[in-house]
Structures are given as structure tokens and as C-alpha cells.
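Student: Dropping a structure here in C-alpha cells format, bear with me for questions.
The values are calculated or read from the model by the stated rules, or taken from the named source; none is laboratory data. Note that the structure is predicted; figures quoted are calculated from it, not measured. No Cβ is skipped: glycine too gets one built from the backbone with ideal geometry, and neighbour counts run over all protein chains shown. Ligands, DNA and RNA are excluded from the accessible area calculation, which covers all protein heavy atoms including side chains. Shrake-Rupley method; radii C 1.70, N 1.55, O 1.52, S 1.80 Å.
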Amino acid sequence: MILPNSFEAAWEYRLPSPPGDVAHHFCFYRGGLLVSQDENARQWPVSNALIRALLEPTPVDQHPSRRFIGYWHGKACWGLSFTDQEFQNLEAMQAGQRDSGLRFEALRALFNRLPDEVLAIAGRAIQMLEFDRSHRFCGACATLTKLHEGGRSRRCSACGETSYPRVAPAMMVLIKRETMFGRQLLLARSPRFPAGMYSALAGFVEPSESIESCIHREAFEEVGVRLRNIQYFDSQSWPFPHSLMIAYVADYDSGEIQCQEGEIEDARWFTLDALPQLPHRLSIARRLIDAVIAQA
Ligand SMILES: [Zn+2]
């Protein structure tokens, strides 16, 4: 996936202007983005007239889940979650004569089929909608919360507790070593991976931990090795549901491979001419592995 690391200059966050602003809608249902299908291509945006028809009788600007996301090329972008009933309206419309080719498609399935920037904004929209859904009530006193700071946070009207969207930093590290057989990569597989696939190590940062401490801890916990010369590679937002993946390369220092039970099914050193099945070429894991191979 090539979700941009940051939005381009066309992106802007300022408070939404009064109604009348030309708007884009990012509509979701169960994690899928509303797109129209034209031959084999996926099209976004879906016209506001169609969205209005699907949401009837609720006016789109009074929809309870609709929330501001930001401006893109001067147009206000809004996220909106369809209810079960509204989804059924769509199904009924498709079944009738007004078949519009509309469908909800998982964001992951749209990689490379919609422009990167649209995917990045959709990734922001789905995370903000999920934030609203899961933070309707104050975690301290259980009073209803309201959007605050133009929608960047939610605030409790009783006790003032403020919540922000969750972003969970996670590290990824590709461990390498030079041997008489050439460069080797330490790749591991989680029991959750597709059969035969191996990847770099990854794990979530814990409270009070730096990224570097997390990398050392995870490498030792998961495969029992010590590292040195940790170098930053790149980062990527991963909105499934709210991670920020921060990727590094490191040199092997010491230790024998020992797999952590329940977490790592297998881990081993691979030479570059005998690599296993790797993650999809759109993932940051694959870009990281490809970059380290290309260096060798
Ligand atoms: Zn409260």
C-alpha cells in the first residue's frame, strides 16, 4: 500500500464553513467505503445526489454520524456511517431499476484502485468515525460526549474529560547479518500469517517505552536475539484499526534464535537467493525487505 506518509499540500484542516460548502462524502458501512463500479474500475466520489437518495428521509447534513474530516482541494470532506436500514436502502436500489453499481468495498481491496490521496483521506475518515462510535460516552463519568476542537477530539460536557482518536505506534524491524554466504535476513512468521509467509518482526510500543527500546525488547522476546545499529527506514499509517507502523533496519549482534511461544511459529535466517513467500508488495514490510535486498 502506498498510503502517503503525509497529506499533500492540497490537504488542509480548518473548521468547517457553514452549509453551502461543496462537499465530498466518505461513506462507510462495516469498514467498507462506498464506491461506484464502472466496468472494472472503482470510482470515488459517489455523487451527493445519490447519497441523499440513499439516506432518505434523513437530510444528509443532519445525519447523526456525519462528521467533518478536513478540506481537500478546497472541498469540505465529511465521513458518514450508514445504518443497517440505509444499507438496506442501497440493496433495494440495486435490486430495482435504478441499479447504480454502488457498493461498499473494504479499504484494503481498494489499494491501487483508487488514488493514494483518496485512500489516505478515507483512512482518516474511517478512524475518526470509529473514534466517534467508540467514544460516545465519557470514560470517567459516563456522560454523553460532544465533538470538540472542530472534531479533533471529544469532550465530556459534565466533567470536561477530553478524548483524542487513538493512534497506536508499532515498530517493525528487519534484522540482517553478513555471512560467508552473503547477506542474510531474519524473517519470522506469526501463526496468523497465510501459510508459508514470513516477514520482519513487528510489535506495539508499550507505555513509557521509546521506539528503540521497543525494538530491542521485541527482538529479544520474539526471537531471542540482540541488535545493534538500528536505522530508521520509513513509516506508514495503517488504519486497521488505528496503527502507525514505524519501520527500521538493524544489524544482528548476538543470540540464538528462540521463538516466543504463541507469538512466533517459526523464525530463521534466509539467504537472499532462497527467500520464503513475502508480504504483499504494497505493504511497508515488503518495501522494507525489498530495500534491504536492493542494498546488498
Ligand atoms: Zn465526564
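Student: Could you list all residues from segment 188-241 that are open to solvent by less than 30 Å² (accessible area, probe 1.4 Å) and assigned to a loop (DSSP other than H, G, I, E, B)?
Tutor: S190, Y198, A200, G224, V225, P239
Student: Would you say G123 is in contact (Cβ under 8 Å) with a residue 40 or more places away in the chain and either touching a His at 6+ places or on another chain (Cβ under 9 Å) or within 16 Å of the ligand (Cβ to nearest atom) (or both)? Steps first, answer last, please.
Tutor: Details: in contact (Cβ under 8 Å) with a residue 40 or more places away in the chain: yes; either touching a His at 6+ places or on another chain (Cβ under 9 Å) or within 16 Å of the ligand (Cβ to nearest atom) (or both): no.
No: the conditions fail for G123.
Student: Pairs please, first residue from segment 142-162 and in contact (Cβ under 8 Å) with a residue 12 or more places away in the chain and near the ligand (Cβ under 9 Å from one of its atoms), second anywhere and open to solvent by less than 40 Å² (accessible area, probe 1.4 Å) and β-branched (V, I, T), Cβ atoms under 9 Å, 6+ apart in sequence or on different chains.
Tutor: Sorted first by the residue in segment 142-162, then by its partner, the pairs are C156/T145; S157/T145; E161/T145.
To keep it simple, each residue is scored yes or no on (1) under 23 Å from A195 (Cβ atoms); (2) β-branched (V, I, T); (3) open to solvent by 20 Å² or more (accessible area, probe 1.4 Å); (4) modelled with pLDDT under 95.
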residue: V249; (1), (2), (3), (4): no, yes, no, no
residue: Y252; (1), (2), (3), (4): no, no, yes, no
residue: E256; (1), (2), (3), (4): no, no, yes, no
residue: C259; (1), (2), (3), (4): yes, no, yes, no
residue: R268; (1), (2), (3), (4): yes, no, yes, no
residue: L272; (1), (2), (3), (4): yes, no, yes, no
residue: L278; (1), (2), (3), (4): yes, no, yes, no
residue: R281; (1), (2), (3), (4): yes, no, yes, yes
residue: I284; (1), (2), (3), (4): yes, yes, no, yes
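Student: Now a separate question. I'm checking my understanding of the structure. Among residues of segment 163-175 that are open to solvent by 30 Å² or more (accessible area, probe 1.4 Å) and more than 16 Å from the ligand (Cβ to nearest atom), which one is nearest to S254 (Cα to Cα)?
Tutor: Filtering segment 163-175 for residues that are open to solvent by 30 Å² or more (accessible area, probe 1.4 Å) and more than 16 Å from the ligand (Cβ to nearest atom), the one nearest to S254 (Cα to Cα) comes out as P169.
Student: I'd like to verify a number: residues in segment 156-174 that are assigned to a strand (DSSP E or B) and over 18 Å from S65 (Cβ atoms), how many? So that I can check it myself, show each step before the final result.
Tutor: Let us first name the residues in segment 156-174 that are assigned to a strand (DSSP E or B), namely 156, 162-163, 168-174.
Next, only the ones that are over 18 Å from S65 (Cβ atoms) stay: 156, 162, 168-174.
So the answer is 9.
Student: Which condition number does F131 fail, the rest of (1) open to solvent by less than 40 Å² (accessible area, probe 1.4 Å); (2) farther than 21 Å from R166 by Cα; (3) in contact with a Ser or Thr (Cβ under 9 Å, 6 or more places away or on another chain) being met?
Tutor: (2)
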